[in-house]
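These notes concern the structure reproduced below.
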Amino acid sequence: MNDKIGDICMNSVQISNVSMHFNTNKQKMNSLKEYCIGLIKRQIDYSKFIALNDISFNIKKGSVVGIVGLNGSGKSTLLKLIAGVLKPTKGKIIVTGVIAPLIELGAGFDMELTARENIYLNGAVLGFSKKMIQSKFEDIVDFSEVREFIDVPMKNYSSGMVARIAFAIATIVNPDILIVDEILSVGDFQFQKKCEDRISEMMKNNTTVIIVSHSIEQIERLCERVVWIEKGILKMNDNTDIVCEAYKNS
Amino acid sequence: MKYYIQTFNKYLYLLFNLISRDFKIKYRRSILGILWSILNPVLMMVVITAVFLNLFKFEIDNFPIYYLTGSTIFSFFTDATTSSMTSIVGSGQIIKKVYIPKYIFPLQKCLFSFVNLFFSLIALIIMIIILKFEVTYTVILAPIPIIYILIFSLGISLILSSLTVFFRDIVHLYGVITTIWMYFTPIIYPENILSDSMLKLISLNPLYHYVGYFRDVVMYGKIPSLKVNIICICFSLITLIIGSIIFKRTQDKFVLHI
């Protein structure tokens, strides 16, 4: 029993026997009419697509873990499972601590509203309190460099400006777990530098970091451990140099 | 349970934000703005009153008030449920990206309709003043049927919003159903033109009771009996419970279908 409690304290993320299946019906069936016709013809077949198959591993508190794999190997699915957006078909995921998912930024932006209103709205979507957004509001505006346009509807913004605001809001927390998908190709090189600085700053405070990247060089530079997923199956989970070597040679 | 309350508190601010966004988008950049929400029911009332009093010669005292009380309650219900039913599908972009308790979305639409209900009530109050209709002290009980129907609408919204994720064409079907439902609720016709058997059938309609309750306290100065209250509460709570169960069972699959 004591062991178990110790385990939970040590691990930020525990993934045990997780599988994720998607239904890929030939014609996506989402109307009553089609369903009834299908019932009559007895043609409701659910062909399954297995995105992740029986994956188990733990992520230690304070470690920096990379996830590698080819396109379509299930990396993003795994991140979404950890972030709680998806629920696994089988298995269990236990996450301890506050997550800052830098997966899909700017969820809930409404282009009709001004940037000021959107900052509050998006902050609320991420589960921040009003007080917290208010106290960090100036930071967000400074960081995203949009002060002059703060009361302009977002539909008049350039995509780079939108992305900057989204990044600034998502990173105002001091998370226990930081999930980064494809170290953000946001804005110009100056702003990218700023983003990387902010991420490495967040990494300092004993934060657990999960990084997905196609740049093996970046993974080697940042991570202690690497998880390699291929076609939904956990292929390797070991120290960075061992996995990266094998991955490069595959 | 404690966990649920905690998450609800955490996302309460989001709920408030989403409602205020709906509000801003609805009323921004229309000159008459909020006035439309008040004017609309009044104009409808004028039309319906003109048609029904002259064409069908119904014997109802204070027909304009009779119609307005009924239609205010009924259109709150249709408003809340129709906007809720697409709320999950419409918020697909958010649901796919971050974790949010999903009941927030139908709840948000119901509460937004609830805010709009107040404007319709202002219209009702204005008409009561213009027509010099005398209300009695029982009018202070008016919030009770409104609360009942809010809970009932939320229950129906939870059911509809989760079904719509799987069967998109329910939206078309529901438009027809609300029209039928309206004719099964005494809004434009008086109750006493119904036969006994018809009245029995109609008393199975929850909205009949809510509308009746509202009219009793606003128009007729009656305090509804305990029995009426129990009927209303049962309809509301049972619907809410059924709605919550259906929603909870299906919510994890939403993200795969939007």
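No lab work stands behind these numbers, since they all come straight from the coordinates. Because the structure is a prediction, the values reported are computed rather than measured. All Cβ positions, even for glycine, are placed from backbone atoms using ideal geometry, and neighbour counts span all protein chains on display.
Ordering B:Gly90, B:Ser75, B:Met219 by the projection of their Cα atoms onto the charge dipole of region B:2-257, which places +1 on the Cβ of Lys and Arg and -1 on the Cβ of Asp and Glu, puts B:Gly90 at the extreme positive end.
Cross-link check: pairs B:Lys97/B:Lys253; A:Lys130/A:Lys193; A:Lys92/A:Lys248; B:Lys26/B:Lys222; A:Lys33/B:Lys253; A:Lys60/B:Lys253 evaluated at a Cα-Cα cut-off of 26 Å; pairs beyond the cut-off: A:Lys130/A:Lys193; A:Lys92/A:Lys248; B:Lys26/B:Lys222; A:Lys60/B:Lys253.
I need B:Thr185, B:Thr138 ordered by Cβ neighbour count within 10 Å, fewest first. Kindly include the intermediate steps, with their values, before the conclusion.
Numbers: B:Thr185 23, B:Thr138 16.
So the residues, fewest neighbours to most, are B:Thr138, B:Thr185.
Of the residues A:Pro175, A:Ala246, A:Ser200, the one whose Cα sits farthest towards the positive end of the charge dipole of region A:165-250 is A:Pro175 (charges of +1 on Lys and Arg Cβ, -1 on Asp and Glu Cβ, taken about the Cα centre).
Note on chain B: dipole from Cβ charges, positive end direction compared against B:Trp181, B:Ile147, B:Gln6; the farthest Cα belongs to B:Gln6. Comparing A:Pro153, A:Pro88, A:Pro175 in a Gaussian network model of chain A where C-alpha atoms under 10 Å apart are linked, the largest mean-square fluctuation is found at A:Pro153.
Dividing the summed helix terms, -39500 (n - 2.57) for each DSSP H run of n ≥ 4, by the number of residues in chain A produces a 222 nm estimate of -12000 deg cm²/dmol to the nearest 500. Shown for A:Trp228, B:Trp181: other C-beta atoms within 10 Å of each C-beta, ranked fewest to most, produce the order B:Trp181, A:Trp228. Between B:Ile238 and A:Ile242, the modelled labels are 6.3 nm apart [label points 7 Å from Cα along Cα→Cβ]. Net charge dipole, region B:155-258: roughly 220 debye, given to the nearest 20, about the Cα centre with Cβ charges of +1 for Lys and Arg and -1 for Asp and Glu.
For chain A, modelled as a GNM whose springs connect Cα atoms under 10 angstrom apart, the maximal fluctuation among A:Glu196, A:Glu34, A:Glu138 occurs at A:Glu34.
Backbone phi angles across region A:206-220, fed through the Karplus curve with coefficients 6.51, -1.76 and 1.60 (θ = phi - 60°), yield HN-Hα couplings of 6, 8, 7, 10, 10, 10, 10, 8, 8, 8, 5, 5, 5, 4, 4 Hz in residue order; Gly and Pro are listed as x. Taking the Cα centre of chain A as reference, the dipole from Cβ charges on Lys and Arg (+1) and Asp and Glu (-1) amounts to some 1120 debye. Between the beta carbons of B:Tyr27 and B:Ile140, assuming R0 = 30 Å, the FRET efficiency works out to 0.55 to the nearest 0.05. Applying 1/(1 + (r/R0)^6) with r as the Cβ-Cβ distance of B:Ile125 and A:Ile233 and R0 = 60 angstrom yields a FRET efficiency of 0.35.
Only the Cβ atoms of Lys and Arg (+1) and of Asp and Glu (-1) were treated as charged; on that basis the dipole of chain B about its Cα centre amounts to roughly 1180 debye.
The length gained on full extension between B:Lys10 and B:Lys132, counted as 0.36 nm times the residue separation minus their Cα-Cα distance, comes to 39.2 nm.
Taking other C-beta atoms within 10 Å as the exposure proxy, A:Met154, A:Met111 rank A:Met111, A:Met154 from fewest upward.
To the nearest 0.05, what FRET efficiency results for B:Asn40 and A:Tyr35 with a Förster distance of 30 Å applied to their C-beta separation? It comes to 0.25. When only Cα pairs under 8 Å and 6 or more residues apart are kept, what is the percent relative contact order across region B:2-257? Reported as a whole number, the value is 27 percent. Among A:Gly160, A:Gly97, A:Gly127, the residue with the largest mean-square fluctuation in a Gaussian network model of chain A, with springs joining Cα atoms closer than 10 Å, is A:Gly127. Using a simple spin-label model with pseudo-atoms 7 Å out from Cα toward Cβ, A:Glu224 and B:Leu201 lie 7.3 nm apart.
Each residue of region B:137-146 was assigned a 3J(HN,Hα) from its phi angle through the Karplus expression (A = 6.51, B = -1.76, C = 1.60, θ = phi - 60°), giving 4, 4, 4, 5, 7, 3, x, 4, x, 5 Hz with x at Gly and Pro.
Once both labels are positioned 7 Å from their Cα atoms along Cα-to-Cβ, the gap between A:Lys87 and A:Arg198 label points is 3.3 nm.
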